[in-house]
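Nothing in this text is a laboratory measurement; each read-out follows from the coordinates by a stated rule. Computed from a predicted model, the values in this text were never measured in an experiment. Ideal geometry is used to build each Cβ from the backbone, glycine not excepted, and the neighbour counts take in all protein chains shown.
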Amino acid sequence: MNDFQINEKNYQGTYSRLVQHWNIDTSFLFLNHGSFGACLRKILGLQNEFRNQLEQQPLKFLTRDLPELYSFSKRKLSEFLNADNENIVFVHNATTGVNTILNSYPWQAGDEILITNHIYPACKNSVNYYRNKHKLLVKEVNIPFPIENEEITTELLLRETSVKTKLLLIDHISSATGLLFPIHQIVREFNRRKIDVLVDGAHAPGTVPLNLNELQASYYTGNCHKWLCTPKGSAFLYVRPDRQQHVFPLTISLTAIQQNRFEERFYWQGTEDPTPYLCVGDSIDYMKNLLEGGWPAIMKSNHELAIKGRQIICDTLEIPLPCPDNMLSNLASIPIQDTTSPIPVKFNQFDDLQENLFQNYQIELFVTYWPAHPKRLIRISPQLYNSEEQYLLLANILKELNISN
Ligand SMILES: Cc1ncc(COP(=O)(O)O)c(C=O)c1O
């Protein structure tokens with residue numbers, strides 16, 4: 001490990017002062033906020049308070065107190081998303097949001113779903129599941145990565161539409177490749193052709209400004225537990241009013257009644273822990289105060305660090321930038337040489353590089369196979385607690401490990 005003899009506390013001083021707001025273990029260099037997010041310390045405390053109240057008086061909390069707490073949090077989220085409150089419901093994660101729409105959609109055999117090669121693997125599994133169930137067609141459009149400009153995306157997608165195309169499922173920000181797709185242009189063009197668009201915005205809330213009223217996508221789902229730093233299991237689903245009639249939760253329970261409004265149907269999905277939802281509004285407010293300039297400043301700061309971090313790594317490893325800066329939000333992926341690791345057969349198996357960094361350097365970095373094994377990408381996803389110094393450290397270690405492309 002030469003210059004990089006790491007001892008337990010070595011990384012502590014590399015974090016920004018804002019790390020105090022998270023429970024991040026600073027003996028590790030944590031460079032993967034993107035995968036699962038990390039909840040704010042203060043908000044975990046709030047969640048615990050809610051949980052205590054719930055368990056002290058279960059009936060009072062779940063029947064008398066919950067409606068107001070739930071409404072408050074949802075209203076705050078709707079304001080943040082620039083969406084009408086009645087068009088938004090809480091779901092536990094973006095995967096549930098996507099599945100809810102695929103399950104509710106009024107499919108007819110032979111209808112076609114358009115996806116891209118950047119789709120999140122869980123969403124591809126659900127598309128294939130509903131394809132088999134309803135005898136649908138699925139067309140996967142190849143969007144290149146590296147990519148020169150965002151214009152190509154809309155063109156490539158439109159070229160593949162036909163009278164059979166009923167739904168486009170597209171990432172706002174793709175997971176493996178970290179691309180910010182030109183979602184406004186895509187939705188506008190597909191709306192014009194009367195093809196529904198389901199936007200998988202898992203990474204979007206808190207990384208790019210959202211205005212769902214203006215966007216007018218048929219469906220949009222996004223996570224709060226990633227970049228809004230709320231407890232795990234908090235996400236939302238937006239449905240445009242003209243599409244709400246057929247949308248029901250995956251779990252039909254006490255409030256999922258046909259004549260109920262969309263918003264009401266999702267309120268009660270069986271007894272569960274509602275506390276992640278209840279923390280969303282406070283998390284938005286708390287985080288806003290971490291940086292002067294509020295949310296726009298947070299988004300700008302993380303975006304600039306992603307660009308800077310990518311530049312440092314690419315310069316050090318002599319890898320060309322794989323896409324222009326304007327196709328990035330807080331995520332930035334870089335192609336590296338093929339892996340020599342075998343194809344992972346289990347969910348929790350890791351690439352050799354990821355494992356080496358974790359075990360020997362205490363660095364948590366996202367390494368993934370894309371478009372397929374053995375092709376590989378590394379991805380950074382800065383949050384306010386990360387720093388430029390950390391990407392310099394990483395770049396030098398990667399260089400020492402002979403990483404290139
Ligand atoms: C683009 C995209 N879609 C969906 C998901 C799934 O998110 P969740 O596991 O919270 O449902 C992810 C997770 O990283 C993602 O990146």
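Taking each DSSP H run with n ≥ 4 as -39500 (n - 2.57) and averaging over every residue of the chain yields -11000 deg cm²/dmol at 222 nm. Pairs of Lys residues in segment 44-286 are counted when their Cα atoms are under 26 angstrom apart and they lie 8 or more places apart or on different chains; the count is 26. Working from the Cα coordinates of the chain, the gyration tensor eigenvalues give, after taking √(5λ), semi-axes of 34, 28, 18 Å in decreasing order. Please identify, among GLN216, GLN20, GLN362, the residue showing maximal mean-square fluctuation in a Gaussian network model of the chain using a 10 angstrom Cα cutoff. With Cα springs under 10 Å in the chain, the top fluctuation among GLN216, GLN20, GLN362 is at GLN20. Of the beta bridges in segment 44-286, as assigned by DSSP with both residues counted there, near 35 percent are antiparallel.
At the listed q of 0.14, 0.20, 0.31 Å⁻¹, the Debye profile of segment 355-405, built from one uniform point per Cα, gives log10 I(q)/I(0) equal to -0.40, -0.81, -1.35.
Multiplying the residue separation of GLN245 and ASN191 by 0.36 nm and subtracting their alpha-carbon distance yields 17.6 nm. Mean-square fluctuations from a GNM of the chain, with a 10 angstrom spring cutoff on Cα atoms, peak among THR95, THR339, THR63 at THR63.
Ordering SER387, VAL345, PRO322 by Cα displacement along the dipole of segment 304-405 toward the positive end leaves VAL345 in first place; charges were set at the Cβ atoms of Lys, Arg (+1) and Asp, Glu (-1).
Once the Cα-Cα distance is subtracted from the 0.36 nm per residue extended length, the ASP338 to GLU272 segment shows a gain of 19.4 nm. In order along segment 245-255, the Karplus-derived 3J(HN,Hα) couplings, from 6.51 cos²θ - 1.76 cosθ + 1.60 at θ = phi - 60°, round to 3, 9, 9, 10, x, 5, 9, 8, 9, 5, 10 Hz, and Gly and Pro are given as x.
Charging the Cβ of each Asp and Glu at -1 and of each Lys and Arg at +1, and nothing else, the dipole of segment 283-394 about its Cα centre rounds to 300 debye. When only DSSP loop residues count, what trypsin sites (Lys or Arg not before Pro) in segment 1-95 have their Cβ near at most 15 other Cβ atoms within 10 Å? Taking segment 1-95 and a limit of 15 other Cβ atoms within 10 Å, the loop trypsin sites (Lys or Arg not before Pro) found are LYS9. When the Debye formula is applied to the Cα atoms of segment 44-286, each taken as the same point scatterer, what base-10 log of I(q)/I(0) results at q = 0.08, 0.15, 0.18 Å⁻¹? Relative scattering, expressed as log10 I(q)/I(0), comes to -0.30, -1.02, -1.40.
Long hydrophobic helices in the chain, taken as whole DSSP H segments with a C-alpha length of 30 Å or more on their own axis and mean Kyte-Doolittle hydropathy at least 0.0, are absent. Take the Cα of TYR129, step 7 Å toward its Cβ, do the same at ASN289, and the gap between the two points is 4.1 nm. Across the chain, the relative contact order, built from alpha-carbon pairs under 8 Å that are at least six residues apart, equals 22 percent. By the Cα gyration tensor, segment 225-299 has an equivalent ellipsoid whose semi-axes, rounded to whole angstrom, run 30, 15, 9 from largest to smallest.
Here r is the Cβ-Cβ distance between HIS373 and LEU137 and R0 is 30 Å; the resulting FRET efficiency, rounded to 0.05, is 0.65. The label point for GLU264 and the one for GLU389, both projected 7 Å from the Cα toward the Cβ, are 5.7 nm apart.
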